[in-house]
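Right, one structure below, let's go through it.
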Amino acid sequence: MAQRNDRQELARAVMDLIDTGHRRISRKLDLVRIKVLATVTDRAPVRPGELATELALTSSAVSRHLAALEDAGQIELTVDPADARTFLARPTSAGRQALQAATDAGTAAFTSVIADWTDKQVEATLQAVELLNTTWADHHAAGDGPRAPTSQRQARRRQR
């Protein structure tokens, strides 16, 4: 009888969750673009190079997303007064509204999936996912790859 490999099953379950969730969400939203907008909103004013580093994206990918966000009126780009070779990105009120709408839509969709979960199940899953995210970020910060971005909410929870 084959032994159960919980770590392998967890890895597969997480990969399935990411794959399925991303495919379903990406039909309606560009998740990377939303993450760029969220990071601009959190860190404004921010340089493209800082975004690329924080989000583990190429400079050209960040440039494409920033151009699309600017075209949509969701960010504004201004020359960096400290370095005229680059610029600073800031969210507009339309960008803040778009980010809130995307967050609200994602929350509503996710909430409907876990509607029959108990508060205890929600809290246990939240703690496990936050631990996974923190461990993943720490693993990559140790030099094993690009650092996974950490949300402000996760950072506040770790400070408690």
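Could you tell me whether the stretch 11-27 includes any residue that is surrounded by 14 or more Cβ atoms within 10 Å (Cβ to Cβ) and under 27 Å from V113 (Cβ atoms)?
Checked the stretch 11-27: at least one residue is surrounded by 14 or more Cβ atoms within 10 Å (Cβ to Cβ) and under 27 Å from V113 (Cβ atoms).
Within the stretch 95-109, is even one residue touching a Gly at 6+ places or on another chain (Cβ under 8 Å) and in the same structural domain as V32 (by TED's automatic domain parsing)? If you could, list the steps in order and put the result at the bottom.
Let us first name the residues in the stretch 95-109 that are touching a Gly at 6+ places or on another chain (Cβ under 8 Å), namely 95.
The next check asks that each one be in the same structural domain as V32 (by TED's automatic domain parsing); those that pass are 95.
Yes, there is a match, as at least one residue in the stretch 95-109 is touching a Gly at 6+ places or on another chain (Cβ under 8 Å) and in the same structural domain as V32 (by TED's automatic domain parsing).
What is the one condition in (1) part of a helix (DSSP H, G or I); (2) of a type outside the set (D, E, K, R); (3) surrounded by 12 or more Cβ atoms within 10 Å (Cβ to Cβ) that A108 does not satisfy?
For A108, the failing item is (3).
Of the conditions (1) closer than 20 Å to A137 by Cα; (2) surrounded by 17 or more Cβ atoms within 10 Å (Cβ to Cβ), H65 fails just one. Which one is it?
(1)
Would you please name the residue that is farthest from P48 (Cα to Cα), looking only at residues in the stretch 84-115 that are charged (D, E, K, R) and touching a residue at least 24 places away in the same chain (Cβ under 8 Å)?
The residue in question is R96.
May I ask you to list pairs of residues, at least six apart or on different chains, whose Cβ atoms are under 9 Å apart, with the first in the stretch 130-147 being in a helix (DSSP H, G or I) and the second being at pLDDT 85 or above?
Within 9 Å, the pairs are L132/L10; L132/V14; H140/A56.
What residue, among those in the stretch 28-56 that are among the small types (G, A, S) and more than 24 Å from Q97 (Cβ to Cβ), is surrounded by the most Cβ atoms within 10 Å (Cβ to Cβ)?
Among those residues, the one meeting the criterion is A52.
If we keep just the residues of the stretch 111-124 that are assigned to a helix (DSSP H, G or I) and of a type in the set (D, E, K, R), which is farthest from L69 (Cα to Cα)?
That would be K120.
The values are calculated or read from the model by the stated rules, or taken from the named source; none is laboratory data. Computed from a prediction, not measured in an experiment: that's the story for all the values here. All Cβ positions, glycine included, derive from the backbone under ideal geometry; neighbour counts span all protein chains shown.
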